[in-house]
Amino acid sequence: MAGLLVPTKATELIGALKDATSLPIELHTHYTSGVASMTYMKAVEAGCDIIDTAMSPFALGTSQPATEVMVEAFKGTEYDTGLDQNKLAEIADYFRPLREEALESGLMNPKVLGVNIKTLLYQVPGGMLSNLISQLKEQGKEDKYEEVLAEVPRVRKDLGEPPLVTPSSQIVGTQAVFNVLMGERYKVATKETKDILLGKYGQTVKPFNPEIVDKVLGAEKDQAITCRPADLLEPELDKLEAEMKQWKQQDEDILTYALFPQVATDFFKYRQAQQTKVDATVADTKNGAYPV
């Protein structure tokens, strides 16, 4: 999502995936670095089955390549999508006023609509860029945008080079904003930055910057987790199974409930309704009645 996949690497990646699996391969990339359309072209030629695009009013920048452009690029080839450009134009016309409203209200910022080749240097995902700009705008410091971008890879290195995906991308980005706006690096450290340094997000690929650990944590560094974090958790599987036993039909149901208890329960109720043809949301369980 940082738009870092370049065309030649897309050919290499998709080719390797195709050799390893018969599953359909879908590619998602953003336009931030300006290479996404070319990357998609090479990926499709290498066997990619699906590419993610956006209608032109909301395409490019930190979004995806434009749907209409990719449709036209493959027209008349073996990869022809068969989509009608006239109908796509109607869809684009519908969304164009919404784009203008978003720009006028500030919901969309022009800064994220263009190409920034420095993305390949900073490796900042599109969603992270949008968040950085939003944070700076709230502080009236949009002029510090380039400084924050340059600070991101430094913070990432300090924190053991975590991957720039949620949640670590937002942690790194927010800390970079603080470092720039405060005029002193790590004068203020977020709780999440401290948690990374304490090992609460797991072990990073590379070690932390020891100077930053001392500055941010101080005496707290003695509380850092040095073992496998999950070993500190009490076993919960039996407890969770007892909580959801009325819904259990297979072992996977317990895992679903453990990960997403509320969503899982709603799904279990829906599944039961499909199987029994009784919708529990309208059934009178007290009197055993059901509307016909």
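The values are calculated or read from the model by the stated rules, or taken from the named source; none is laboratory data. Since this is a predicted model, take the numbers as computed values, not measurements. Glycine gets a Cβ as well: all are built from the backbone with ideal geometry, and neighbour counts include every protein chain shown. Remember, those area values only see protein heavy atoms, side chains included, never the ligands or the DNA or RNA. Shrake-Rupley method; radii C 1.70, N 1.55, O 1.52, S 1.80 Å.
In segment 162-196, the residue that is most open to solvent (accessible area, probe 1.4 Å) out of those that are in a helix (DSSP H, G or I) and of a type in the set (Lys, Arg) is Lys191. Of the residues making up segment 1-32, those that are within 17 Å of the chain's Cα centre (by Cα) and in a loop (DSSP other than H, G, I, E, B) are Met1, Ala2, Gly3, Leu4, Leu5, His28, Thr29, His30, Tyr31, Thr32.
If only residues of segment 142-161 that are in contact with a helix residue (DSSP H, G or I) (Cβ under 6 Å, 6 or more places away or on another chain) and charged (D, E, K, R) are counted, the one that is most open to solvent (accessible area, probe 1.4 Å) is Glu147. Hey, does segment 105-117 have a residue that's open to solvent by less than 70 Å² (accessible area, probe 1.4 Å), part of a helix (DSSP H, G or I) and at pLDDT 95 or above? The answer is no; no qualifying residue exists.
Residues in segment 28-65 that are of a type in the set (Ser, Thr, Tyr), open to solvent by less than 20 Å² (accessible area, probe 1.4 Å) and at pLDDT 95 or above were compared, and the one that is farthest from Ala89 (Cα to Cα) is Thr39. Can you name the residue in segment 78-100 that is in a helix (DSSP H, G or I) and acidic (Asp, Glu) and is also modelled with the lowest pLDDT among such residues? Among residues in segment 78-100 that are in a helix (DSSP H, G or I) and acidic (Asp, Glu), the one modelled with the lowest pLDDT is Glu100.
Quick check on Leu149: is it part of a helix (DSSP H, G or I), in contact with a Phe, Trp or Tyr (Cβ under 9 Å, 6 or more places away or on another chain), at pLDDT 85 or above and of a type in the set (A, V, I, L, M, F, W, C)? Considered against the rule, which asks whether it is part of a helix (DSSP H, G or I), in contact with a Phe, Trp or Tyr (Cβ under 9 Å, 6 or more places away or on another chain), at pLDDT 85 or above and of a type in the set (A, V, I, L, M, F, W, C), Leu149 comes out as yes.
With respect to the conditions (1) out of contact with any Gly (no Cβ under 8 Å at 6 or more places or on another chain); (2) open to solvent by 10 Å² or more (accessible area, probe 1.4 Å), Ile133 lacks only one, and its number is (2).
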